[in-house]
Amino acid sequence: MLNIDTKNLLNQKNLLAFSAGIDSSALFFLLIENNINFDIAIVDYGIREQSKEELKHAKHLAKKHALFCHTIQAPIFTSHFEKQARDFRYQFFESLIRIEGYDTLLTAHHLNDQLEWFLMRLSKGAGVCELLGLEPISKRGNYTLVRPLLRHSKEELLSYLQSHNYPYFVDESNHDKKYERNRFRKEFSDALLAKYKEGISRSFDYLRQDKEVLEDTFETLYTNKMLHIVKLHNPTMKSKAADITLKHLGYLLSASQRQEIEKENSLVLGGAWAIELQDELLYICPYTIENMPKKFKETCRANKIPTKIRPYIFKENIDPNFIISHLADVLRLPKGAPSYTPASF
């Protein structure tokens, strides 16, 4: 019998990323069985004839269980399909979260996905934090991303659906080896899980514990919208702190970008993220260019707000005086003590 932890889903407005496949169908019916309130969102990429049937099925399920079904037709992606499809998918989900006020986004990632990610990152060179790309719960700006199935294998999910005679679709593109993840699945992860599932599952638990110890070398002191300010208790952890913070914000660093962060104290990554280190405080926010009033720039200078950070806080109407006042209060607290970090003001 499959069990999922629902404590983070109760009294929340939940959105399930649905595809009608084995994974999301299993999570759909587990949520129904556990009396969790949720809606679903499905993307039609239009590359398979079956996708229209999946869309129809999703709408039928939603109507049957009195849920709302959000749908969207994706454009035709001519290159880098996996990345473009993922980016489009999450833009769709996050727009729904913003407009409809959802608190959580639920995805059906499972143990096989966890191992596939691990092996792909391992083959390219990665540390503990990068190897554990999938967390059960992670904060993403204005919502929480929850993955309730990470302890369960795909085989278990399929067995659950079949034993209850629940409907699902099989996406044949999951067997296409032109996609990197499918190659790792077919050649490595499926075979490993078939023989060593329990040990692999325990290993991920141990790795998460090690990651928590590692993350104790820095702590987030302040967040406001997409601005994060992190205190480094060990200066050598700069790139690790940046990597984990950006991962929470939905951005994955490459190996070369991590090396760049290690070398530089002020930089812009991919034209998208500003990163500045000042007095053991690591500032991270979206990179933008704004025409700022002289008085605002002077206030930032007086408060020692790094130059690449100033345009974002101006754009988002974040008071630099409040930031510094808050940091001063937090830094007086013992390490690890709880502090107030507003979502916005």
Please work out which residue is surrounded by the most Cβ atoms within 10 Å (Cβ to Cβ), limiting yourself to the range 19-50 and to residues that are over 17 Å from His60 (Cα atoms) and at pLDDT below 95.
Tyr45
State whether the residues of the range 47-59 include one that is within 22 Å of Tyr160 (Cα to Cα) and of a type in the set (A, V, I, L, M).
yes
For the range 1-18, what are the residues that are modelled with pLDDT under 95 and either surrounded by 23 or more Cβ atoms within 10 Å (Cβ to Cβ) or over 21 Å from the mean Cα position of the chain (by Cα) (or both)?
Met1, Leu2, Asn3, Asn11
Would you be able to say whether some residue in the range 57-76 is surrounded by 12 or more Cβ atoms within 10 Å (Cβ to Cβ), of a type in the set (Phe, Trp, Tyr) and more than 23 Å from Ile36 (Cα to Cα)?
no
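Listed here are the residues, each with its yes/no results for (1) in contact with a Lys or Arg (Cβ under 6 Å, 6 or more places away or on another chain); (2) within 16 Å of Asp279 (Cβ to Cβ); (3) outside the structural domain of Tyr287 (by TED's automatic domain parsing); (4) not in a helix (DSSP H, G or I).
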position	(1), (2), (3), (4)
Thr223	no, no, no, yes
Lys231	no, yes, no, yes
Thr236	no, no, no, no
Ser239	yes, no, no, no
Leu246	no, no, no, no
Leu253	no, no, no, yes
Within the range 250-290, track down each residue that is touching a Phe, Trp or Tyr at 6+ places or on another chain (Cβ under 8 Å) and within 14 Å of Gly133 (Cβ to Cβ).
Gly250, Tyr251
Is it the case that the range 166-175 has a residue that's out of contact with any strand residue (DSSP E or B) (no Cβ under 8 Å at 6 or more places or on another chain), surrounded by 18 or more Cβ atoms within 10 Å (Cβ to Cβ) and in a helix (DSSP H, G or I)?
no
Can you give me the number of residues within the range 255-295 that are farther than 18 Å from Lys231 by Cα, of a type outside the set (Phe, Trp, Tyr) and in a loop (DSSP other than H, G, I, E, B)?
9
Regarding the range 27-36, can at least one residue be identified that is closer than 21 Å to Tyr90 by Cα and under 19 Å from the mean Cα position of the chain (by Cα)?
yes
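The values are calculated or read from the model by the stated rules, or taken from the named source; none is laboratory data. Everything numeric in this text was worked out from a predicted model, so none of it was measured. Note that we place each Cβ from the backbone using ideal geometry, even for glycine, and neighbour counts take in every protein chain shown.
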